Each structure stands twice: as C-alpha cells, then as structure tokens.
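Note sheet for the following structure.
Every number in this text was worked out from the coordinates using simple rules, so none of it is lab data. Everything quoted here is computed from the prediction, not taken from an experiment. So basically every Cβ, Gly included, is an ideal-geometry build from the backbone, and we count neighbours across all protein chains shown.
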Amino acid sequence: MLTTTTATESPTPAAARRPEPEPPTPTGYRVIRRNGKVTAFDRSKIAIAMTKAFLAVEGGTAAASSRVHETVEQLTDQVIDALFGRVPGSGTVHIEDIQDQVELALMRASEHKTARAYVLYRHQQAERRAAGRAASAGRPAEDEAVLTVTLDDGSTRPLDLAHIETLIEEATAGLTDVDAAAVLQEARRNLFDGMHERDVGQALVMAGRMMIDREADYSHVAARLLLDNLRREALGFVGGGSARVTQAEMATRYPDYFKACIHRGAELELLDSELTRFDLDRLGAALKPERDLQFTYLGLQTLYDRYFIHHDKTRFELPQAFFMRVAMGLASNEIEREARAIEFYDLLSSFDFMSSTPTLFNSGTLRPQLSSCYLTTLPDNLDGIYSGIRDNALLSKFAGGLGNDWTRVRGMDAHIKGTNGKSQGVVPFLKVANDTAVAVNQGGKRKGAVCAYLETWHIDIEDFLELRKNTGDERRRTHDMNTANWIPDLFMKRVAEAAEWTLFSPDEVTDLHDLTGREFEQRYTEYEAKAARGEIRVSRRVQAVELWRKMLSMLFETGHPWMTFKDPCNLRSPQQHVGVVHSSNLCTEITLNTSDDEIAVCNLGSINLARHVGADGLDPDKLERTIGTAMRMLDNVIDYNYYSVPQARRANLRHRPVGLGLMGFQDALYQLDIPYASMEAVEFADRSMEAVSFHAIKASTDLAEERGRYPSFDGSLWSRGILPIDSLALLEEGRDGYLDVDREYTLDWDSLRERVRRVGMRNSNTMAIAPTATISNICGVGQSIEPTYQNLFVKSNLSGEFTVINTYLVRDLKAHGLWDEVMVNDLKYYDGSVQKIGRIPEALKAKYLSAFEIDPRWLVEAAARRQKWIDQAQSLNLYLAEPSGRKLDNLYKLAWVRGLKTTYYLRSMGATGVEKHGAAPVSGSITAAGSTGAETASACSILDPDCEACQ
C-alpha cells in the first residue's frame, strides 16, 4: 500500500536511523565507595541498577522493556539533578547518597513495587557485605582500607581518624540529644582516599550541618567543627606552633596567637599600628576561649565569611581575637584603654550587646568608618544635586547606608530661570543616584544602599510612586534604590476627611520643606488659596483618598515607597530647636536633622534582649550594666570615627547622636512563655522599652557628667525637661488629636527628668531600633523586634544556605514528648507552621505562630508601645500573607493614629525553601509585597544580606 508524507514529516529509512545519543554524564565528579576509595561518576550504573529493579518486577517482555527504558532515562536525569544540585564543594558524592536518591526518585514516580524491590536489593547487599566482613575477620577487608590525605605540598599521609574522633567528641560535649557516633558515621560517608587535608574538615562540618533539621543542637556541633578549620587556617598563617590543635588546647594558645595576630595585621597594613602599643599580654590573658563554643553554625560561618580580617583570601582572625580587636578600636581614646577594651570585649563576646556591622568591619583598621547611617538633603540646583550624589558615593564606599531627602528639587514643568526652560522634575536625578549606588559597591563587598524620600505634596509624587515598577519607561525607573513617602499629618487628615489635596513644585512653596505641624498646615492652606487664584504656576489638585490608594497600591505591587510620617518625627524630635528632620535613613529607624551644612550620622548597636530575661522577667540590674557600657562604646565611635565628608563630621561632633536598639525580642517572649499575638506581648514591649529608654538616657547623663554635654544641648527638649514620653503631648497638640497612644509608665521618670535638666546629655539622640539582620545571626537570636519568620526554613545569605530551626519549639515539643522524625517531616510539609499539626497543643500553636500567621495589628500595637519611649524610630516590618486594599488601608491608618514615626517593608509570602522530599513546593522566602519569589526585597531583608549598614 502506498503512503504519502508531507514535507514536514520526511521519514528516514530504518536502516539509516542513528541511535539516540546517551545523555552526557556530569564531568569532574566522583563517587566515594564504601571503603573510601574514589571512582569516576558513571551515569550508566544508575540506569542499569534501576533497569534491573524494573525488570525484576515487570519481566523482560518487549512492551515492558520499551516502557522501562523511557522511565529509567527520565528517573536517572532526576537523580543526577538531585545529586549535583546539592553536592559538597569537594565535588564528590557517596554511593549511599546515590542509592538514597534512586529510592526517592522511584517513590516520587509512584513506582512503589519497583522501589520496594530496590530497597530489598540494597538490604540483601548490605547483609552480604556484613557476612563477608565476619568471614574475613582478622584479615584487612575492603571496607577497612586505610585512607590517606593529600597535604599542601602534594605528599600524603594516613588519615588521622583518632584526631577526627577527638574533634567530634569535643564538638558534641555538653550538648543534649546529639550523637557523636552518628556525626562520625555521617562524616565518614564524605571521606575518600587521597582527598585534600583541608577537605576533611569541611566533610566534618557538612556532617553536622546535614543533621540540623533533626536536632537543633547540631547547629552548635557544626559550628564547633568549623572552628577546627578556622584554627588551622589562622594559626597556620600567623605561625608560632602547630596549627592542628583542639579547642581544649586553645586555652593556652589563644594569648600568644592573639598577640601574633595583631602584629601580623599591622605589618600587612590591615590594622592600625596603634593596636600594637596596647598591653597585648594583658588583653590576651583576658580572652575567654570557651566563648567560641557559643556560636551556631550560621553565626560562625557569617563571621568567617564577612567579618574576619584576611590577606590573600586567608582569614587569620579567630572569634575572640576579632571581638578584642573591635573593642581595642573603640577604646583607643580612653585613658585606661586596656581596662575599657576588656570591658567592651566582655560585652561583645558574651553576646549581651553587639555593635553594628560597620563598627565590626572597621574598628581597629586604618580607616575606621564605624558609623551606620547617613542622612542628606539635596538642594534645588545642579551644583548641589551633583555634590550630593558625590557625597553618596564617598559615604557608600566605606559601608554607610544612605537616606536622601529630594523634596526641594523642583518638579516637572517648573520654570528654570537660567535657561528660561522647563524642568524635567526630580525623577531623572533619582535615576543618576540609583546608578551611583550600583557603581559604588565597596569593591564588591556589597551593593551601595540608598533610600530616596519625597514629601507627599511634591508635584512629582505620582511618578515617584512608580519608580520601582517593572513596566514603563526604564529611564524613569530605579530598581536598585529604595523609596519612601514622607507624609505630613495634614495629608492623613485629608484622607480621613475625604478632602482634596494639592500638589506643588517646591521652588514655588520653598518654606513648606522646613515647616511642621500647625505651621505647615497654615502655610499649606495659604498656598492652596494662591493656587486657586492662579498665582502659582505649577500645581494640581487631587482627591487625597485617591492618592492614598495609589500609595497603598504601589506598596502592594512593588514593596515601595515605604510609609513614613514627617510630623511625628519632627514634633517629638529633641533637636527641633536647631533644625528639621527631612527624611529617615535606609532602614527608617533614624530621624535626625539635615541641612546643606550638616549630613546627619548615626552610630548603632543593639542590646540582646534574650540575654536579659529570666524566669521572673526582665533583669533590670544586668540591663543597666549592659546599657552603661554600650552607650560608652557608641559615644566613643563619634570621636574615633573616620568621616569621608566634612558635613558628616560637623554634624556628628555637634550633636553626638547614637542609636541604641535591641534584638532577640521574640526570643525573650519564648523564654517568658508569651505569644507574640497577645496583650502580654504588647505589655512586655512597653515595659522592656521603658527600661531600655530609662537606662539609656541615664547613661548619657552619666557620660555628660564625665565628658561634658553635647554642644547643641541648650534649647533642646532635653534642656527643657521634655523626655521622649513627654513629647507625645507635643505630637497630640500638633495634630489636633488624631492620636491614640497608651501613656502609662512604671519607673521614676521625675528624678531622671530633673537629672537631665541639671547635668545635661552627652548625646542628642540615644535610641533607634535597627533591623539587625546580620548581627542577630552572629548572636544566634531572632532579629530586632521581628516575630519568628518560620519555625523551620532554609535561610540564604552571602555565606550560603542554612537550615534554621526554632530551638524553643523543639524544646517545648520535647517536653510534651512530641519531638520525633514524624514531627520533623510534618514541619517540613507545612512550611514550618504548627497550626495544622493536630497533636500539637493549642497553647503551643498560639506561642509558635509565625510572622505571616500573626495579625499584623499586633506588630503595630507593640511598636506603638515602644515608640513612646524612643527618641528616634524603629525599623518595623509588617507581614501580610494575603494583602488586600482594605487590610492595607486599616493597617497603615492604625500605624499613624498610634503615633508611629515610620514603617519599613511590607512583606508577603514568596517562593521555596525547605526540601520536602517529594511534597509540594515550600513557601520559604520573604519578598516585598507583590513581588515574585525571585524578586526579593533589596535591602535589610531577613533573607537578603545585601544591606549591612544598619545590622
């Protein structure tokens, strides 16, 4: 019979057909056999093993063979993807790992009979090997082959298994529910003959790390095993004895090593030579090596990757030397500098308090830029604008986070007298600032980080709202820069009253930029009347509610601009007698004056609240001691600091602001058995912040008594006896009500108020709660004032991916007899949530609500209680699993009515985190609201480490 074909079919004679090429085998990878020997990875062996399993079940008919061939090829590809997507840096996989993945692939494909056959085959082979070992007792068996390691010079030596066992015993000592034998067994799966000596240490770390999700204490095990790698690298570099030492031996080695480390750092011009003139013997003797054991794996790996000083990729600082180096820098100008250095070291190394990242990076170095945040205001002329962008570049170069006020720059179509033309508005200049932030990235250390602020009455406000959109003219988009609305109270009143709002170009209403409260309202309405009479060239009237909706819509769609409120920042500012707060900073917690002559600077550090609570609640005596030392450290930054622009130095020395914050708030609630979503948590936020505020202000008066008042003290709210709690009355008066805030207090504020008036303050501002995303990792606590993100998730940062498990939840589940493998799997399946796990008691479900399971109004209520005590602001993230216009409207109006000065990211759920072993994808990363899983928030995000300025 004749057949026809179309031109597209063109059949090939069977004899001429070529066999389909085999998929390529990944090159460069190797397989560790059970005896530690290594062979090249061979894809075909996986396919053969699965084919045998299928044929054992289905037989060898032609029909079965056809299906088996196709299925095996697909499953083999899946196994290879799984293996080499997670292969350790050594480039090897263990044969047992391959077989585990084969089992998983068969189960995921619902080939249950074949999977059972394969499991039985593995079991039979294991029994055969065991019988062989028993029969050959007394003779060297293949499974007992002696492994060798390769040294740096290419020579080899036998693997010192006894030393490995000692390291693992040390790493597990004092920890409950960890198994040294299990760690050793897991480690031996990654050891092979001829591997490099340095890779042995990494194999041990990986062994501990792989077990974190089944028991939280394995995070400490992994950290302690990592310490051995750090010791060998650091001791090998500075010399002075063997680099192969145990943690116990470091008790005697640390002092000599520390002294050599400081001298070597100075010789390499990485450290200030002034550090060598300290009494290094005294400081070395004060080191506490046992504090190396406090770290979680994430904390220690973060320090190693990003903080320790290094030369030619070799890091030669160990943790206690690092903390002492930072302390020495901060004590450089003290009279009793060794004593103060030891005092500062004790605070840092105990994790009771941690300085911000720039301080940790640069203290004791040749260029000690220790300040965290810089705030600038841009003028309305080309010279000033480009001078401001130049300042951005210089400040960003040395790890500063930036907040720019752009409100004075004239808007679109405004008249330009010099050219008799029309302005293109503020957006083109914002594009230049955005690209500058990208270009000046500290030599690849991190991206430049900047936030632009614009007042809500600016004629370009609607274009400003769209800067982060992914559609539209790319020349009018700033994808790498954060943005924030600077909202006057009058606008919020107009929204509440469904009234109209007028937009102006600032060159025609020049004084609005510096006016606040009732003065702003009076002048603004005068300008509206002039605009109605046609006396203002560029203006536009809009419905306030419509503009508010667009602000919320853009916040939902792009995560920007953030909502920050001008009048609370100014009416409660202690420094309103010498200037105006025109913006906040990169992370919305700093509220300091700016002008053409002054760039505001703030120096940050955070109290670890979890280290200051016990069974009876807050420990006020310890908190007072910690804050006294911490405030001294922060004040010392001001005089020791390197300033890259003169306006920053001028402002910092004149006003001396610092920002003492806190972290571990959620940890403290766990310890006190208080759910975040409760009035008890709101009360604890109130009482704990009251204590921090009281002792911070008192500590500043103590410093004033010792060192003198800050130069611009006279005329400040402080000098008038108006403390942060008192300034709420000024805000209420300035906004004609529209304020609903608790005013209760418990401490003796009258005596402190009198002391402030009589003695004065050393610092114009004392408190600000920063995000602490990195330093909280170092200390092993929850960041800042955040609720728990998830009880089990994978955290990604510049140091890699880390399993994070809620240790408090594990502890409580153990107490209820509920912690087992089934619970681990349930937590993975439910994305770390406990709400759908029936056997967990309701009290624990309430206690362990995750961030997206908490009504965000609880976060606002707790923040409002803190804000009444803080002279600056707080980085307040808000979480909405399912944002809607109504929810956003209610939430941000509540924030304003409760007197909050600023808010930060609005976060919604994003894509994928913990491996579920065949279950549905996990929602495990946080994104800006409305963005996709791949488009994570760009600064100070919980999972994104790009911004280190405020951490």
Please figure out what share of the DSSP beta bridges in the chain is antiparallel and state it in percent, rounded to the nearest 5.
50 percent
Can you compute log10 of I(q)/I(0) for the stretch 602-759 with the Debye formula, treating each Cα as one identical point scatterer, at q = 0.15, 0.18, 0.19 Å⁻¹?
-0.95, -1.23, -1.29
Computed magnitude of the charge dipole of the stretch 373-571 (debye, nearest 20; Cβ of K, R +1, Cβ of D, E -1)
580 debye
Which FRET efficiency value, to the nearest 0.05, is calculated for residue 475 and residue 542 with the Förster distance at 25 angstrom and r the Cβ-Cβ distance?
0.50
Net charge over other residues, Cβ less than 14 angstrom from the Cβ of residue 657 (K, R count +1; D, E count -1)
+1
Of 493/868; 469/887; 45/113; 113/845; 530/550; 622/836, which pairs sit farther than 32 Å apart, going by alpha carbon to alpha carbon?
113/845; 622/836
Of the beta bridges DSSP finds with both residues in the stretch 602-759, what % are antiparallel, to the nearest 5?
25 percent
Given the options 98, 676, 525, identify the residue whose Cα lies farthest towards the positive end of the charge dipole of the chain (+1 on Cβ of Lys, Arg; -1 on Cβ of Asp, Glu).
98
Label point distance in nm, residue 273-residue 422, each placed 7 Å from Cα along Cα→Cβ:
6.3 nm
For the stretch 728-789, shape from the Cα gyration tensor axes a ≥ b ≥ c, cut at a/c of 1.5 then a/b versus b/c, turns out oblate
Pop the C-beta distance of residue 836 and residue 432 into the FRET formula with R0 = 56 Å and round what comes out to the nearest 0.05.
0.65
Using unit Cβ charges (K, R positive; D, E negative) and no other charged atoms, how large, in debye to the nearest 20, is the dipole of the chain about its Cα centre?
1100 debye
For q = 0.11, 0.18 Å⁻¹, Debye-computed log10 I/I(0) when each Cα of the stretch 373-571 counts as one equal scatterer
-0.50, -1.32
Among 450, 663, 263 the positive-end extreme of the charge dipole of the chain (Cβ point charges):
450
Sort 273-285, 850-862 by the packing proxy (mean of other Cβ within 10 Å over each peptide's residues), most packed first.
850-862, 273-285
Would you mind giving the three semi-axes, in whole Å and largest first, of the ellipsoid equivalent to the stretch 370-467 according to its Cα gyration tensor?
26, 14, 11
Distant-in-sequence amide H partners of residue 408 (H built 1.01 Å from N, under 5 Å)
378
Summed residue charge, Cβ within 13 Å of residue 673's Cβ, Lys/Arg positive, Asp/Glu negative:
-2
Cα gyration tensor of the stretch 293-412, axes a ≥ b ≥ c as square roots of the eigenvalues: rounded (a/c below 1.5), prolate (a/b > b/c) or oblate?
prolate
Once phi is turned into ³J(HN,Hα) by the Karplus curve 6.51 cos²θ - 1.76 cosθ + 1.60 with θ = phi - 60°, what whole-Hz value does each residue of the stretch 839-846 show in order, with x for glycine and proline?
7, 7, x, 4, 4, 6, 4, 5
What is the dipole size for the stretch 742-837, taken about its Cα centre, with +1 at each Lys and Arg Cβ and -1 at each Asp and Glu Cβ, in debye to the nearest 20?
520 debye
So for the stretch 510-601, using the alpha carbon gyration tensor with a ≥ b ≥ c as root eigenvalues (a/c under 1.5 gives rounded; past that, a/b versus b/c decides prolate or oblate), I'd call it oblate
